[in-house]
């Protein structure tokens, strides 16, 4: 087992996590344990332009740390001209900005891949859109003065644990250029209220357009470094790999996706949909972290047609779409797909990868239409 240098070291060997080999078998007890700690967005909540905090997807890697807001400090150091330290009230007295942001877990859709990569077994609800409030990071970086040999900033949270045999505090890095983005925030509120403990109280990083693992929670320190960060969550986790020995490529920006509110009513156990015959308004949301959404198409039994797109609430927020359907009695398959301004079309099937990242394959909903 290795111990990363960020955070206090320990002389006691930590247990080595079991190798999470992709599986074609039933869900494991370990996956069920993860699923019971974390939760997805119920897809009917796509009707809400802003996701209530309790319905927003949630992923907690280790344990939720209990942070004392009085003694807590954010420290900015490393290769800077002026090391800085802030209390929470000091950050709240700086420029205040609120940004609606769609955040998605990089592993969203993992359980739909075959063989199934073994980790948090997301179906399709690892997403949510909230109004995040905080202070822009860029002015603070300018005040600190990043040294000329600084290449990345390492953001470290208070949560600590063992993953892949490595004990570490959760930490991720961004290039100086990416960290200087105008909408990168140090966020202390969500939907007009202080961050709840599970969402990173008292402070978290918010990086719009990137998968959720980038927005480090329970933020304690920012360090400018002279070479790319090689911590576990950067160099080993969150990679597009074809096998355990493939170094892969980093997971970064959110891939385009459209999701549909499942119409009608569900069967309790199977969640299969029952819809009355006649006019039905299909609806959903679409988003991307790369290029803006240009259109959303809806398929009824394989026939694609364009939906109506509503205006976007913000540069990083999802867009609502609607599609009128006259439902005829019988069994039908509905689907939706997003197309962005670069001409990229959401794929019918996802390209498999070892960690189950970035699965943005087309959603398909089977419905039974009854007279």
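For region 2-250, the relative contact order comes to 24 percent (Cα pairs under 8 Å, sequence separation of at least 6).
Length gained on full extension, residue 310 to residue 87, computed as 0.36 nm times the residue gap minus the Cα-Cα distance: 76.2 nm. Short to long, the 10 Å bins of the Cα pair-distance histogram for region 27-89 hold 15, 25, 28, 23, 8, 0 percent of all pairs. Each of 323, 268 was scored by other Cβ atoms within 10 Å of its Cβ. Listed from fewest to most, they are 268, 323.
Report the calculated FRET efficiency for residue 71 and residue 331 (r = Cβ-Cβ distance, R0 = 41 Å), to the nearest 0.05. After rounding to 0.05, the efficiency reads 0.10.
When the expected Rg is taken as 2.2 N^0.38 Å, what fraction or multiple of it is the alpha-carbon Rg of the chain?
1.03
Taking 0.36 nm per residue of separation and subtracting the current Cα-Cα distance, fully stretching the chain between residue 242 and residue 281 would add 10.0 nm. For region 257-370, the percent of C-alpha pairs falling in each 5 Å distance bin, counted from 0 to the bin holding the largest distance, reads 2, 12, 21, 22, 18, 14, 8, 3, 0. Each of 217, 66 was scored by other Cβ atoms within 10 Å of its Cβ. Arranged with the fewest first, they read 66, 217.
Work out the P(r) tail for region 84-221: percent of alpha carbon pairs separated by more than 18 Å, whole number. Don't skip to the end; give the middle numbers.
On the way: 5587 of 9453 pairs.
Result: 59 percent of Cα pairs exceed 18 Å.
Straightening the chain between residue 95 and residue 24 buys 20.5 nm, computed as 0.36 nm per residue apart minus the Cα-Cα spacing.
Where a number appears in this text, it was derived from the coordinates with a stated rule and is not lab data. Everything quoted here is computed from the prediction, not taken from an experiment. When we count neighbours, we look across all protein chains shown, and the Cβ atoms used for this are built from the backbone with ideal geometry, even at glycine.
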